[in-house]
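Asks: What follows is a structure written as C-alpha cells; I'll ask about it next.
Read-outs: derived from the displayed coordinates by stated rules, not from any lab. Since we're looking at a predicted model, the values are computed, not measured. Glycine also receives a Cβ, built like all others from the backbone with ideal geometry; neighbour counts cover every protein chain displayed.
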Amino acid sequence: MELFVPGRICLFGEHSDWAAGHRRQNSALEKGRAIITGTNQGLYARVAPDARELVLRSVLPDGTERTWRADMRPEALLAEAQAGGFFSYAAGVAYQVRTNWQVGGLSIDNHRTDLPIRKGLSSSAAVCVLVARAFNRIYDLHLTVRGEMDLAYRGEVTTPSRCGRMDQGCAFGRRPLLMTFDQDMVAVHELSAGGRFHFLIVDLKGAKDTIRILSDLNRSYPFARTPRDEEVQEYLGPINRRIVGAAAAAIEAGDAPELGRLMREAQELFDARLGPSSPEELAAPRLHALLAHAPLRELVLGGKGVGSQGDGAAQLLCRGPEERDRAAELIRDALGMDSVPLDIQPAQTVTRAVIPAAGFGVELFPASKVVQKELFPIVDRHGVAKPVLLCNLEEADACGLEDVTVVVRPEDRPQLESFFQAHVAPEQAHRLGPRQKPYEQRVLALGRSVHLVPQERPQGLGHAVYCARERVGGHPFVLFLGDYVYRSLEDRSCVEQLLDVYARAQRSVIGVKVVPEKALATSGIVAGAWIEEGRLLEITDVAEKPSAREAGERLRMPGMPDGSYLGIFGLYVLGREIFPHLETIVTQGLDNAGQFELTAALDLMRGREGCLGFVVNGESYDVGLPDSYLAALKAFRGPGARRDRRGHA
C-alpha cells in the first residue's frame, strides 16, 4: 500500500494552540485560532503488515538512509518513545496503537522524503500521522481522519517532544483548515479556497531555539502580571481572533491581495507584541532581512515567519506562479536561501454525472419486458409524465452538471438514442398540450449532454459505474442511481445538498438517510463519527444488507434511537479515487454471485482515502420496487397537483 503524508505549515495563528491550553487555569483567556494547510512536499511510503516488529526504513531529503526496528511489545515501544530521537515518534504512535488494539507489526518503507526537516513544517508530526495512518489502513482500525490526527498527537506527546495541537493537522492533507483550540480540545473546519494562492516557503539558513521561544512566551501565562504579559495575551487572543477570521474569509473569497496584507499586519503586530518577550530568538535578523528585501516587493503580496517564528523559515505570498519563480531565483542568488513552492488550490467544481441505467427490473416484470425501469413514468405536480431518467437529467442540469454518462444495456441503446435525438412526428407534435409542448425541445437539449456507454453483461452496480471510467476520466462526479428518483424537503435539491458538502470538504460524499431495522435486508448501511451532529459524519464502516445482529454490534450511531440506522440514500458525489477500487474488485473477481457491488468499492475507499456521509434532507424512491414506485408517484404528483386542459387531475 502506498501512502503520502504532507508537512504542515501554519499560515496564521502560531502559538495560539498552546496559549489556549492555559484556559484550564484562566477561562478569561481567548480560545486559540489558527489557519494551517498541508505542504506540497511530504513523506512517501510503502507499508505492509509484519508479524512481530515495527520496521521503519527512511530516506531523508539529503539521501541519508536509516533503518530502525522495534519489538511490538508495549513496554519496549514505550521505552523507545521516551528515549527520544528520530525514531521515537514512530515508537510513540505504535505504543498508543498497541495499548488500544490487538494488532501485529508494520513494515514502513519511507522511500522518499522531500519535506524540509526542522523548518517549522511539522516533519515529526508527518511521521506520526504516517505511522497512525499505516496502522489504520493495514489493520482497518475504523479511524476517521480526525481519529488518525488524534492518535498521531497522542503518539508524539509520548515522546520528549512538546508539540502543539495544530501540528498533526497534516492528516487532513493539503486542504486549508481553520482550527480552534480550547484547553485540550480542538475543532477543525475545512476551508474552501475561492481562488489559487501561490506561496514560497523559504529556508532562512539560520537557527532558532523553539524550546526557548516557548519558555519565554509561557511566562506571560496563565495570568498577566506585567504590561508585557498583557501585550502577549492580547496578540494571541483578540488580535489573533480578528486576523485569523479575516484571513479565513480572504481564503474563501480567493482574495490574495487581502491575504497578503493580513500577513504583513500579523508580522508587524507579532514583532511589536511578542518580540520583546524573547528578544534573542524573535529578533530574527535573517527573517526581517528577507521581508525587507526591496527587489521582492513587485513579486510578493506579503510575508511572515513560519512556526514558532525566529530564523527557521519564512512564507511569502507571491502575485502569481511566474512571480514566484522569479522570487525563488532572486532569493537564492541575492540572499543564499533555498525555497520550495506551496499551493492552495481552489475548490474543484463538479460538472459530471454518471447514471447507471442497465438493470432489468425483476420486481417490475412483466412490465419491465417492454419498458426498462429507468423509463417508467413519474407524473409531476404540473401533470407532466416524465421518465425516471429524465427526472434525474433535469436535476443534473439544474445543478450545472454538463456531462452525463448513462450506462445502458446494448439492446436498450437504440431506444435511448431515439428518445434523446429524434424529433416528435409533426402529426403528434401539434397535439401536445401547453405543459407538454416545451419538452419537445427540452428532451433534445438535455440529450446533447448525454453520452451512452454500454455494459455488455449485467454484472452489478459497481461494474456499471466502472464502465464509465474512461468517460469520466480524472474528474469528480455525481452518481445517480438510474432507477431512483429524489425529492428534496428544502429549497436546495438533494444533489445540491451533497455538492455543497463536496465543495466545502473536497472529499467523496455518500448521501444517507435514517432507516428502520426492517430496512437492513434491502439497504447498504454506514456508520462513523459525527462531524456535525445528526447531519455530517466521517464514515468508518460500510456494510451491504447486514443482519440485525451485525448492525447492532457495528453500525449503531450515537444519538440515534434504538433500531435506527443510516442507510445509503442512493446519491453520491465521488472523487476519481473510486475507480482504482472498482478496478480492484472487478479485476480480482471480488464479486457476490456474479455481481460486483459498489458498496465493496466504497468500503475500500473508506479505508484508504476516507469519505463523508451526509444525511440528506429529502426522500429517495427506488422505482424498481412496486410499492416504492407507487409511493414516488403519490409524492411527486402531490396534493396541489394541477389539472390538465380536459379538467382531469
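Asks: Roughly speaking, what is the centre-to-centre gap between the stretch 456-483 and the stretch 28-92 when only Cα atoms are used, to the nearest Å?
Replies: Going from one Cα centre to the other spans 39 Å.
Asks: About its Cα centre, what dipole magnitude does the stretch 2-190 give when the only charges are +1 on Lys and Arg Cβ and -1 on Asp and Glu Cβ, stated in debye to the nearest 20?
Replies: Once rounded to the nearest 20, the dipole reads 180 debye.
Asks: Are any of the pairs LYS437/LYS513; LYS386/LYS545; LYS369/LYS437; LYS369/LYS513; LYS31/LYS304; LYS31/LYS205 more than 26 Å apart by Cα-Cα distance, and if so, which?
Replies: Details: LYS437/LYS513 36 Å; LYS386/LYS545 31 Å; LYS369/LYS437 29 Å; LYS369/LYS513 31 Å; LYS31/LYS304 22 Å; LYS31/LYS205 33 Å.
From LYS437/LYS513; LYS386/LYS545; LYS369/LYS437; LYS369/LYS513; LYS31/LYS304; LYS31/LYS205, over 26 Å: LYS437/LYS513; LYS386/LYS545; LYS369/LYS437; LYS369/LYS513; LYS31/LYS205.
Asks: Treat every Asp and Glu Cβ in the chain as -1 and every Lys and Arg Cβ as +1, leave all other atoms uncharged, and give the resulting dipole magnitude about the Cα centre to the nearest 20 debye.
Replies: So the magnitude is around 920 debye.
Asks: To the nearest 10 degrees, how steeply does helix 88-98 sit against the main Cα axis of the chain, on a 0 to 90 scale?
Replies: Relative to the chain, helix 88-98 is tipped by roughly 50 degrees.
Asks: Continuing with this model, one more query. How big is the gap, in Å, between the Cα center of the stretch 345-368 and the Cα center of the stretch 117-177?
Replies: About 38 Å separates the Cα centre of the stretch 345-368 from the one of the stretch 117-177.
Asks: Would you order ARG137, ARG448 from fewest to most other beta-carbon atoms within 10 Å of each residue's own beta-carbon?
Replies: ARG448, ARG137
Asks: While we're looking at this one, here's another question. Could you list the chymotrypsin sites (Phe, Trp or Tyr not before Pro) in the stretch 604-641 that lie in coil according to DSSP, counting only those with at most 10 other Cβ atoms within 10 Å of their Cβ?
Replies: none
Asks: In nm, to one decimal, how far is the modelled label at SER418 from the one at ARG457, with both set 7 Å along Cα→Cβ?
Replies: 2.9 nm
Asks: What shape does the stretch 574-620 have by the C-alpha gyration tensor, where a ≥ b ≥ c are the square roots of the eigenvalues, rounded means a/c under 1.5, and otherwise prolate means a/b greater than b/c and oblate the rest?
Replies: Details: a/c = 2.79, a/b = 1.54, b/c = 1.81.
Judged from the Cα gyration tensor, the stretch 574-620 comes out oblate (a/c at least 1.5, b/c at or above a/b).
Asks: Which of rounded, prolate, oblate describes the stretch 197-344, given a ≥ b ≥ c as roots of the alpha-carbon gyration tensor eigenvalues and a/c under 1.5 marking rounded, otherwise prolate only if a/b is larger than b/c?
Replies: Oblate, because a/c is 1.5 or more while a/b does not exceed b/c.
Asks: Name the residue farthest towards the positive end of the dipole of the stretch 352-637 from the options GLY359, VAL465, ALA635, assuming +1 on Cβ of Lys and Arg, -1 on Cβ of Asp and Glu, about the Cα centre.
Replies: ALA635
Asks: For the residues LYS386, LYS437, LYS634, LYS31, what sequence is obtained by ranking on other C-beta atoms within 10 Å, fewest first? Please report the intermediate quantities before stating the final value.
Replies: Working: LYS386 20, LYS437 14, LYS634 11, LYS31 17.
Exposure proxy ranking, most exposed first: LYS634, LYS437, LYS31, LYS386.
Asks: Shifting gears a bit: How large is the translational diffusion coefficient of the stretch 352-637 in µm² per second when you combine the Kirkwood radius over alpha carbon pairs with Stokes-Einstein at 25 °C and 0.890 mPa s? Before the final figure, lay out each step's value.
Replies: Working: Rh = 19.5 Å.
Stokes-Einstein gives a translational diffusion coefficient of 126 µm²/s.
Asks: OK, next. How far, in degrees from 0 to 90, does helix 626-637 lean away from the longest principal axis of the Cα atoms of the chain, to the nearest 10?
Replies: It is inclined by approximately 80 degrees.
Asks: Could you pull out every residue, at least 5 positions away or on a different chain, whose amide H is within less than 5 Å of the one on GLU53? Hs are placed 1.01 Å off N in the peptide plane, and Pro or chain starts have none.
Replies: Amide H neighbours of GLU53: GLY105, LEU106.
Asks: So who's got an amide H within less than 5 Å of the one on ILE378, skipping anything under 5 residues away but keeping other chains? H placed 1.01 Å off N, in plane.
Replies: Under 5 Å from the amide H of ILE378 lie the amide H atoms of LYS386, VAL388, each far enough along the sequence or on another chain.
Asks: Using the Cα centre of the stretch 2-190 as origin and beta-carbon charges of +1 (Lys, Arg) and -1 (Asp, Glu), tell me which of LEU141, VAL188, VAL127 is placed farthest towards the positive end of the dipole.
Replies: Positive-most Cα among the choices belongs to VAL188.
Asks: Just check the stretch 23-125 against the gyration tensor rule for me: Cα atoms, a ≥ b ≥ c as the square roots of the eigenvalues, rounded for a/c under 1.5, and otherwise prolate or oblate depending on whether a/b exceeds b/c.
Replies: It is oblate, given that a/c is not under 1.5 and a/b is not larger than b/c.
Asks: What's the magnitude of the charge dipole for the stretch 197-344 around its Cα centre, counting Lys and Arg as +1 and Asp and Glu as -1 at the beta-carbon? Answer in Debye, nearest 20.
Replies: The calculation lands at about 280 debye.
Asks: Show the residues, 5+ positions off or on another chain, whose built amide H is closer than 5 Å to the amide H of ALA347.
Replies: When sequence neighbours closer than 5 places are left aside, the close amide H contacts are ALA193, GLY195.
Asks: To continue, here is another question. Largest first, please: the extent of the C-alpha atoms of the chain along each principal axis, to the nearest Å.
Replies: Result for the chain: principal-axis Cα extents of 89, 57, 47 Å.
Asks: Among ASP62, ASP541, rank each residue by its count of other Cβ atoms within 10 Å, from fewest to most, as a rough exposure measure. Working shown, then result.
Replies: Numbers: ASP62 7, ASP541 16.
Ordered from fewest to most neighbouring Cβ atoms within 10 Å, ASP62, ASP541 come out as ASP62, ASP541.
Asks: Restricting to DSSP loop positions (anything but H, G, I, E, B) with no more than 11 other Cβ atoms inside 10 Å of their own Cβ, which GluC sites (Glu not before Pro) remain in the stretch 515-570?
Replies: Loop-located and lightly packed - GLU533.
Asks: Treat each spin label as a single point 7 Å out from the Cα along the C-beta direction, and report the ARG487 to VAL157 distance in nm.
Replies: 5.1 nm
Asks: Moving to a separate point now. Within 10 Å of each candidate Cβ there may be at most 14 other Cβ atoms; applying that plus a DSSP loop requirement, which chymotrypsin sites (Phe, Trp or Tyr not before Pro) in the stretch 331-434 survive?
Replies: Answer by residue number: PHE360.
Asks: Further, regarding this structure: Placing +1 on the Cβ of each Lys and Arg and -1 on the Cβ of each Asp and Glu in the chain, which of MET166, ALA422, LEU77 has its Cα farthest towards the positive end of the resulting dipole?
Replies: ALA422
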